Amino acid sequence: MLDYTDLQVDSLPVHGELASHSDIAVTPRIVQHADRHLATEDAAERKVCLAAESLSAFFGQVAAVRDVNLALDDGRVTAIIGPSGCGKSTLLRCFNRMHETVAGARVTGNVLLDGLAIYGDGTNAIAVRRHIGMVFQRPTPFPTMSIRDNVAAGLRVRDGRTPSRQTIDGIVEDALRRAGLWDEVKDRLRTSAVALSGGQQQRLCIARALATKPRVLLLDEPTASLDPASTQKVEELVYELRSTMTIGIVTHNMQQAARVSDRTAFMLNGSLIEIAPTNALFTAPRDPRTEAYITGRFG
């Protein structure tokens, strides 16, 4: 039985469409850091944190994801791109067992978190989601809760014990600081979360996911509904968080994938077509379907 304590989180390592390749705008600072980061990776193979093995996902009899094998490496950002309806978001939802919450949905194959099958017999899906956090396309603050209580919402009773108010307040502050939101909301923690701007609400949702100290953070088009300034803040946050956890991000924005990710996977019609270091995939894709997509011939 997998529960919140079984994975021993505290013992884990701290964790627009594109017309041509030349249209990819990558922040120089991020490129320089990413180049050094990947150069280091060449010397020692990165540990796999989360892996899909022959994973397929169905809505009734319709396969939305088909026999996918994909590894998310420890301490890296993996972007998943592809046209609408190709299975990107469904794949992400399979990674933390959200797919099964849809009536008639089912999964075959395996998903392994540090080698442990999250779909194993007796595995607690709620505990899985504590270790594999997820943030959705539209900000989803709980409207009846304050900013503070939104962040603390994922902290459940464990082993019959409830964390003290002081402990919870410390966790909330830490999560908000990591999400880059503390200075903006520290004087109004007791006010409604819905009073925040869209970008602040999305960072609040990220803070809520971070509060449980997840091993993996999944982001499903997290900036799709945000303005450019808020998008930049979320992208910078993703880049900072890569040093403490594994991140998977689904995005329609290939410029965004180029800016924030170490590796990029391309999906089409439910299948994984290609995965490679981000720079290699965008400049020298191996599969002609990948090249057709990133050069804007379809999608």
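Using beta carbons and a limit of 6 Å, which pairs, at least six apart or on different chains, have the first residue in the stretch 119-144 and buried (at least 17 other Cβ atoms within 10 Å of the Cβ) and of a type in the set (A, V, I, L, M) and the second one part of a loop (DSSP other than H, G, I, E, B) and at pLDDT below 90?
Pairs found: ALA127/LEU2; ALA127/ASP3; ALA127/TYR4.
What are the residue pairs meeting all of these: first residue in the stretch 277-290, first residue part of a strand (DSSP E or B), second residue surrounded by fewer than 17 Cβ atoms within 10 Å (Cβ to Cβ) and modelled with pLDDT under 95, Cβ atoms under 9 Å, and 6 or more apart or on different chains?
As it stands, the answer is PRO277/GLU41, since those pairs meet every condition given.
In the stretch 204-238, which residue that is among the charged types (D, E, K, R) and within 17 Å of ILE132 (Cα to Cα) is surrounded by the most Cβ atoms within 10 Å (Cβ to Cβ)? Lay out the reasoning, then the answer.
Taking the stretch 204-238 and keeping what is among the charged types (D, E, K, R), we get 208, 213, 215, 220-221, 227, 233, 235-236.
Subsequent filtering for residues that are within 17 Å of ILE132 (Cα to Cα) retains 208, 213, 215, 220-221.
On the way: ARG208: 27, LYS213: 20, ARG215: 21, ASP220: 22, GLU221: 19.
Of everything passing the filter in the stretch 204-238, ARG208 is surrounded by the most Cβ atoms within 10 Å (Cβ to Cβ).
Do you know which residues across the stretch 107-131 are touching a Gly at 6+ places or on another chain (Cβ under 9 Å) and under 19 Å from PHE58 (Cβ atoms)?
ASN110, TYR119
Right, PHE282: of a type in the set (Phe, Trp, Tyr), buried (at least 22 other Cβ atoms within 10 Å of the Cβ) and touching a His at 6+ places or on another chain (Cβ under 7 Å) or not?
Working: of a type in the set (Phe, Trp, Tyr): yes; buried (at least 22 other Cβ atoms within 10 Å of the Cβ): yes; touching a His at 6+ places or on another chain (Cβ under 7 Å): yes.
When the stated conditions are applied, PHE282 passes them.
Only one of (1) of a type outside the set (D, E, K, R); (2) surrounded by 19 or more Cβ atoms within 10 Å (Cβ to Cβ); (3) in contact with a Gly (Cβ under 8 Å, 6 or more places away or on another chain) is not met by ALA179, so which one is it?
(3)
Looking only at the stretch 201-249, count every residue that is of a type in the set (A, V, I, L, M) and either touching a Phe, Trp or Tyr at 6+ places or on another chain (Cβ under 9 Å) or in a loop (DSSP other than H, G, I, E, B) (or both) and tell me the total.
Total meeting the criteria: 8.
For the stretch 182-200, which positions are aliphatic (A, V, I, L, M) and either assigned to a helix (DSSP H, G or I) or surrounded by 21 or more Cβ atoms within 10 Å (Cβ to Cβ) (or both)?
VAL185, ALA193, VAL194, ALA195, LEU196
Take the conditions touching a Pro at 6+ places or on another chain (Cβ under 9 Å) and either of a type in the set (Gly, Ala, Ser) or under 23 Å from GLN202 (Cβ atoms) (or both) and apply them to ARG130. Does it pass?
yes
May I ask you to list the residues in the stretch 254-279 that are surrounded by fewer than 21 Cβ atoms within 10 Å (Cβ to Cβ), out of contact with any Phe, Trp or Tyr (no Cβ under 8 Å at 6 or more places or on another chain) and under 21 Å from VAL65 (Cα atoms)?
Those that are surrounded by fewer than 21 Cβ atoms within 10 Å (Cβ to Cβ), out of contact with any Phe, Trp or Tyr (no Cβ under 8 Å at 6 or more places or on another chain) and under 21 Å from VAL65 (Cα atoms): ASN269, SER271, ALA276.
For the stretch 145-161, which positions are modelled with pLDDT under 90, touching a Lys or Arg at 6+ places or on another chain (Cβ under 9 Å) and either assigned to a strand (DSSP E or B) or farther than 23 Å from GLU184 by Cβ (or both)?
ARG156
Would you check which residues across the stretch 163-176 are over 20 Å from LYS233 (Cα atoms) and crowded, with 18+ Cβ neighbours inside 10 Å and list them?
Result: ILE171, single match.
Looking only at residues that are of a type in the set (S, T, N, Q) and within 24 Å of ASP114 (Cα to Cα) in the stretch 55-95, which one is farthest from the chain's Cα centre (by Cα)?
SER56
The values are calculated or read from the model by the stated rules, or taken from the named source; none is laboratory data. Note that the structure is predicted; figures quoted are calculated from it, not measured. Cβ sites come from the backbone with ideal geometry, for glycine too, and all protein chains shown count toward neighbours.
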